[in-house]
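Okay, structure first, notes after.
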Amino acid sequence: MTITHNLGFPRIGARRELKFALERYWRGDSSAADLQAEGAQLRARHWACQAALDFAPLGDFSLYDQVLDMSFTLGNVPARARAHGGDLLDQYFRVARGRAGAADAACGCVHAGEMTKWFDTNYHYIVPEFTAATRFTLDTVRLREQLQEAREAGVRAKPVIIGPLTYLWLGKSSDGADRLALLPALLPVYAELLDWLAGEGAEWVQVDEPALVTDLDARWRQAYEDAYAALRGHGPKLLLATYFGALEDNLPLACGLPVDGLHLDAVHGRGEVDAAIALLAPQQVLSLGVVDGRNVWKTDLHATLAWLEPVHRRLGERLWIAPSCSLLHVPVDLAGEDGAGPDAEVRSWLAFAVQKLDELQLLARALDHGRVQVQEALIANAAAIDRRRASARVHDPRVAAALAALAPQAGRRASPHAQRSAAQAAVLPLPCYPTTTIGSFPQTPDIRQARLQRKRGELDEAQYRAAMQAEIARCVRAQEALGLDVLVHGEAERNDMVEYFGEQLDGFAFSANGWVQSYGSRCVKPPILYGDVRRPRPMTVEWTRYAQSLTGKPMKGMLTGPVTMLNWSFVRDDQPRAETCRQLALAVRDEVLDLERAGVRIIQIDEAALREGLPLRRAGRDAYLAWAVDAFRIAANGVHDVTQIHTHMCYSEFNDIIAAIADMDADVITIETSRSNMELLDAFDGFRYPNAIGPGVYDIHSPNVPSQEQIIELMRRAATRIPAGRLWINPDCGLKTRSWDEVLPALENMVAAARTLRAAA
Ligand code: GLN
Ligand code: ZN
C-alpha cells in the first residue's frame, strides 16, 4: 500500500483563529492558558482534516514560527529574552516580537529577533542567532505536549524537525563565528532529541533539510555527510525531507546519506526521480511530493498517474506520496470560499490544503487499486482540468496580439538618463535634494471604515468616491503645508498595492478567506492570477488627475509594477511566469501612457517584490533578472524624455543585483536604507549607479521620529557615495501603517533637513 503523508499543515486556521487568539493574548485580553488551549484545538482540528493520511505531521504547528520553535527546542534562546524573566511563553514572544504581551509592550527594550524570508516563499522566519560560544541543550516541552495530544486523539503522527544543517544554514552568527564550527556542539543535542522521540514511540521523524536545494559548497556538503553519519542509529526512522526545488548537484549527496527515507519535490524535480531511484539503497523509502504545495491549482491527476504508476510498479511498498512541501504556503480550505470569493468557474479550478490532501488520497487509491476504483473522481478532475485549459477567460487573443505588436524597442527610453534629466528639469524645475514620499499616507480608521461601508453597501459608489476625495484633499493640503516638492495623492482608495490593481485587471480572482501566513499573526490573501492579463480601462487616471487639480506642485502617479504583482500572487501554472509577467507589464504600460497623456509628469512604479523573486540557485538568477527587468522596462519606458519615471524598492540588499537595477533605467529609485545607517549603500561603491537615488532617511517601520540632524547626517553619508546632484530625500517606504501624528513631525524634519542641505550646497 502506498503510504500517504503530509509535511506540514497551515496552522493559522481556516478563519485565522490563531491570528485572533495571538492578538487577544498580546493585548492582555486572554491568558497563556487560553492561548495554549486555542493552539491545542487548532491542532486537533487540523489532525482531523488529515485523518485519512497514513502519517500526519506533528510539531509543524507553531504559535509564531517553526524556526523559532526549533531554536527553543535546541535551547538556543538569546540571553536578552531570558533576562526579563517571565515564563517560557513570555521569552518566546520576546524573541519573536521584542515584547511578550501587554505588560511589556510599553518597554520595548528587548529587540526582536531578525526576520527573513523562508527560502523563496513569502513566509518569514526568525533567524537563529549564533556566536562562537553558543551551546545547545534539549528542551522537549513543546513536542512532549503535542505527542501527548496526538496519542490521546489516536493520531498516527510523524514528528517534524528542522535538520541540523538547515538549522545552521538559516541562522546568522553575530560575532562572525563560523556556523559550521557549531556542528559538533549541535549534533549531540539532535541525537538526544531523536532518541527521546523514539522513546516516545515515534515510528518516523521527518527531518527537514531544504538547504539541500540550494548551492552548497564543499564544506557544507561534507558537513551533511558527517552530521548524518553521526546521527545514524539514533532514534526512530529518519525521513530526510527536501523541497522548494530539485536537488540537482546535491542529488547524489542526499541519496547517499544514511537515512531511512528521502522526500523529493517531484513537482519541481520530477526529472530527478529516476536518478534518485537508482541511487537509493533497496531498503530506503522514496517519498515523492506529487501535489504542488506552492500554488492553488487542482492537480492534473491523470497526468500525475501517468508518470507515477510506473514508479509505483518499480518501488512498491517503498513509495510514499505527499504534497511537494508543507502546505503552510497555501490557504486552508476551499469550502471557506463563499459568495465573496472567486466565482464558481474559477473555484472549480482550485485546490487549497484540504483539497490537496484529498487529491493525494485519490492518487494513492488509484495506484493501489487501479484507476477504476476512483473513476468518478478522476473524471471530475479531468473535466475541471480541461475546462480550465479551454476557458475563454484564460485565453484572450487580444493579449497575445498586443504583445506580438510590441515594438522591439518598446522597453527602451529614447535618450540616456543625463539627457532626459535635463529635459525634465526644463519643464519641471526642482530644487536640489528634492523631497518626496513613497506614496501612501496613513490609512486611518476613517478610511478603513468607509471601505467597509462600501463593501457592505452602506455607502454607494458616489459617496465612497467623495469620502476618498476628501482624504486625498486632506493629504495634498498636508504635503503643501509641509513644503514637500513632489506630492502624492496618498493612496487612500487602495486596500492593498496588488489587490487594488488586480481587481481592475482581467485575469485576476480574489479569495474570500484564502489567507496565508506571512509571519506570526500576519497573513496575506494573495490574488489568484488565473488568465491572460488585460487592462479593460484606466485604473488610476481619474484619482491622479483629481489630486493634481488641487495643487500647483507636481503630483506623482503611483502604480504597482508587473514583477511585484506577479511575485505576490498565486500565478497560473500553464505558461512560464516570464510570459505572465510580460502581460502584466503591458497592462501597466497602458496605464503609464494614459497617465502621461493626462499630463502627469512623474510616474512611480513600485517594484517592492522584485528581489523576492530571485531563484534559490545562482544559476537561475540571471534569467530571472533578465525577464523581470525586461517586464519593468516594457511597463515604464514607453514615455517621452520629459516624463520622469520613479521606482521604489523596500530593501537595500542590492550588491548582487545592482547592475540589473540600473538596467531598469528608472530616472529615480527610492530605496530603504535608514535602518542600516546607509551601510547598504556599499553596493554603490563598486558600481557606478548612473541615475538618481532617494535613500530612505525615515524608518517608517518604527514609531520614532527622526531628527533633522539625524537626517542630515544620513544624507551626508549618502553623498559620499552618490553625487549630491542625484540625491533625493524621502522616507524608506509608504506611510500607510503610521499615524498622522508620527508622520507630520517626521516629514517636517525631513523638509527642514533638505533646506539646511540646500543652503550648505
Ligand atoms: N507606494 C506604496 C506605498 O507607499 C509602496 C509600498 C511598498 O513599497 N511596499 O504604500
Ligand atoms: Zn516600500
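The values are calculated or read from the model by the stated rules, or taken from the named source; none is laboratory data. Being a predicted model, the structure only gives us computed values, none of them experimental. Positions of Cβ are backbone-derived with ideal geometry, glycine not excepted, and every protein chain shown enters the neighbour counts. Protein only, heavy atoms only, side chains kept; ligands, DNA and RNA dropped before computing areas. Shrake-Rupley method; radii C 1.70, N 1.55, O 1.52, S 1.80 Å.
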Close pairs (6 angstrom Cβ cut-off, 6 or more residues apart or separate chains): within 21 Å of TYR464 (Cα to Cα) in region 537-557, at pLDDT 95 or above and among the small types (Gly, Ala, Ser) anywhere: VAL541/ALA598; THR544/GLY557; ARG545/ALA598; LEU550/ALA473
Region 643-666 residues that are within 19 Å of ALA410 (Cβ to Cβ) and small (Gly, Ala, Ser), paired with ones that are within 16 Å of ligand 1 (Cβ to nearest atom) and in a helix (DSSP H, G or I) (beta carbon under 7 Å, 6 or more apart): ALA666/ALA636
Contacts under 8 angstrom Cβ, first residue in region 598-609 being within 12 Å of ligand 2 (Cβ to nearest atom) and assigned to a loop (DSSP other than H, G, I, E, B), partner of a type in the set (Phe, Trp, Tyr) and open to solvent by less than 10 Å² (accessible area, probe 1.4 Å), 6 or more apart: GLU607/PHE632
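Taking the options VAL600, VAL592, VAL563, name whichever one is among the β-branched types (Val, Ile, Thr) and within 26 Å of the chain's Cα centre (by Cα). Can you show your working first?
On the way: VAL600 fails: within 26 Å of the chain's Cα centre (by Cα); VAL592 fails: within 26 Å of the chain's Cα centre (by Cα).
Only one candidate passes the filter, namely VAL563.
In region 649-668, how many residues are within 16 Å of ligand 1 (Cβ to nearest atom), over 22 Å from the mean Cα position of the chain (by Cα) and closer than 16 Å to ASN730 by Cα? Quick ask: steps written out before the conclusion?
At the first step, the residues of region 649-668 found to be within 16 Å of ligand 1 (Cβ to nearest atom) are 649-654, 661, 664, 666, 668.
From what is left, the residues that are over 22 Å from the mean Cα position of the chain (by Cα) are 664, 666, 668.
Next cut, closer than 16 Å to ASN730 by Cα only: 668.
Summing the residues that are within 16 Å of ligand 1 (Cβ to nearest atom), over 22 Å from the mean Cα position of the chain (by Cα) and closer than 16 Å to ASN730 by Cα in region 649-668 gives 1.
Listed here are the residues, each with its yes/no results for (1) more than 30 Å from LYS525 (Cα to Cα); (2) part of a loop (DSSP other than H, G, I, E, B).
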position: ALA229; (1), (2): yes, no
position: HIS234; (1), (2): yes, yes
position: PHE244; (1), (2): no, yes
position: ALA306; (1), (2): yes, no
position: PRO310; (1), (2): yes, no
position: ARG314; (1), (2): yes, no
Residue among ALA83, ALA79, ALA102 that alone is more than 22 Å from VAL127 (Cα to Cα) and surrounded by fewer than 16 Cβ atoms within 10 Å (Cβ to Cβ): ALA102
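Just name the residue that is farthest from ALA754 (Cα to Cα) out of those in region 665-692 that are within 16 Å of ligand 2 (Cβ to nearest atom) and at pLDDT 95 or above. Spell out the reasoning first.
Going through region 665-692, the residues within 16 Å of ligand 2 (Cβ to nearest atom) turn out to be 666, 668-676, 680.
Within this subset, residues satisfying the condition of being at pLDDT 95 or above are 666, 668-670.
Details: ALA666: 23, VAL668: 17, ILE669: 18, THR670: 16 Å.
Here the residue is ALA666.
Do the conditions hold for LEU194, that is, is it free of Cβ contacts under 8 Å to residues at least 60 places away in the same chain, in a helix (DSSP H, G or I), hydrophobic (A, V, I, L, M, F, W, C) and surrounded by fewer than 20 Cβ atoms within 10 Å (Cβ to Cβ)?
Working: free of Cβ contacts under 8 Å to residues at least 60 places away in the same chain: yes; in a helix (DSSP H, G or I): yes; hydrophobic (A, V, I, L, M, F, W, C): yes; surrounded by fewer than 20 Cβ atoms within 10 Å (Cβ to Cβ): no.
No; evaluated as a whole, the condition is false for this residue.
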Conditions (1) of a type outside the set (A, V, I, L, M); (2) under 18 Å from ALA478 (Cβ atoms); (3) in contact (Cβ under 8 Å) with a residue 40 or more places away in the chain: number failed by ASP741: (3)
Lone unmet requirement of (1) surrounded by 21 or more Cβ atoms within 10 Å (Cβ to Cβ); (2) out of contact with any helix residue (DSSP H, G or I) (no Cβ under 9 Å at 6 or more places or on another chain) for ASP292: (2)
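Restricted to region 714-734, and to residues that are among the charged types (D, E, K, R) and away from ligand 2 (no atom under 16 Å from the Cβ), which residue is most open to solvent (accessible area, probe 1.4 Å)? Break it down into steps so the answer makes sense when it comes.
Our first condition is that a residue be among the charged types (D, E, K, R); within region 714-734, this holds for 716-717, 721, 726, 732.
Now restrict to residues that are away from ligand 2 (no atom under 16 Å from the Cβ): 716-717, 721, 726.
Working: ARG716: 126, ARG717: 82, ARG721: 71, ARG726: 44 Å².
That would be ARG716.
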Residue list for region 295-328, restricted to those being more than 24 Å from GLU376 (Cα to Cα) and open to solvent by less than 20 Å² (accessible area, probe 1.4 Å): ASN295, LEU315, LEU319, SER324, CYS325, LEU327, LEU328
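Restricting to region 612-650, count the residues that are within 16 Å of ligand 2 (Cβ to nearest atom), assigned to a helix (DSSP H, G or I) and open to solvent by 10 Å² or more (accessible area, probe 1.4 Å). It would help to see each step written out before you state the result.
Going residue by residue through region 612-650, those that are within 16 Å of ligand 2 (Cβ to nearest atom) are 612-613, 632, 646-650.
Okay, now just the ones that are also assigned to a helix (DSSP H, G or I), so 612-613, 632.
When the remaining residues are screened for being open to solvent by 10 Å² or more (accessible area, probe 1.4 Å), the result is 612-613.
Residues in region 612-650 being within 16 Å of ligand 2 (Cβ to nearest atom), assigned to a helix (DSSP H, G or I) and open to solvent by 10 Å² or more (accessible area, probe 1.4 Å): 2 in total.
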Residues of region 276-334 satisfying the condition of being of a type outside the set (A, V, I, L, M) and touching a Gly at 6+ places or on another chain (Cβ under 9 Å): GLN284, SER287, GLY289, GLY293, ARG318, TRP320, PRO323, SER324, CYS325, SER326, HIS329, PRO331
Positions within region 459-504 being of a type outside the set (D, E, K, R), within 28 Å of LEU727 (Cβ to Cβ), away from ligand 2 (no atom under 16 Å from the Cβ) and part of a loop (DSSP other than H, G, I, E, B), in sequence order: GLY483, LEU484, VAL486, HIS489
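Return a yes/no flag: does region 322-342 have any residue that is within 16 Å of LEU7 (Cβ to Cβ) and in contact with a His (Cβ under 8 Å, 6 or more places away or on another chain).
So in region 322-342, the residues within 16 Å of LEU7 (Cβ to Cβ) come out as 322-330, 332.
Narrowing the set further to residues that are in contact with a His (Cβ under 8 Å, 6 or more places away or on another chain) leaves 322, 324.
Yes - at least one qualifying residue is present in region 322-342.
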Odd one out for ALA636, checked against (1) within 16 Å of ligand 1 (Cβ to nearest atom); (2) touching an Asp or Glu at 6+ places or on another chain (Cβ under 6 Å): (2)
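Any idea which of GLU209, GLU248 is acidic (Asp, Glu) and open to solvent by less than 10 Å² (accessible area, probe 1.4 Å)?
Details: GLU248 fails: open to solvent by less than 10 Å² (accessible area, probe 1.4 Å).
Exactly one residue qualifies, and that residue is GLU209.
In this structure, is ALA587 touching a residue at least 24 places away in the same chain (Cβ under 8 Å), more than 23 Å from ASP532 (Cβ to Cβ), among the small types (Gly, Ala, Ser) and more than 16 Å from ligand 1 (Cβ to nearest atom)? Show your work before the answer.
Working: touching a residue at least 24 places away in the same chain (Cβ under 8 Å): yes; more than 23 Å from ASP532 (Cβ to Cβ): no; among the small types (Gly, Ala, Ser): yes; more than 16 Å from ligand 1 (Cβ to nearest atom): yes.
In short, no.
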Among residues of region 454-512, those that are open to solvent by less than 40 Å² (accessible area, probe 1.4 Å), in contact (Cβ under 8 Å) with a residue 40 or more places away in the chain, among the acidic types (Asp, Glu) and more than 13 Å from ligand 1 (Cβ to nearest atom), counted: 1
Top-ranked residue in region 532-588 [being part of a strand (DSSP E or B) and charged (D, E, K, R); ranked as surrounded by the fewest Cβ atoms within 10 Å (Cβ to Cβ)]: ARG534
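Does THR737 fit the bill of being within 16 Å of ligand 1 (Cβ to nearest atom), among the β-branched types (Val, Ile, Thr) and open to solvent by 40 Å² or more (accessible area, probe 1.4 Å)? It would help to see each step written out before you state the result.
Numbers: within 16 Å of ligand 1 (Cβ to nearest atom): yes; among the β-branched types (Val, Ile, Thr): yes; open to solvent by 40 Å² or more (accessible area, probe 1.4 Å): yes.
Criteria met by THR737.
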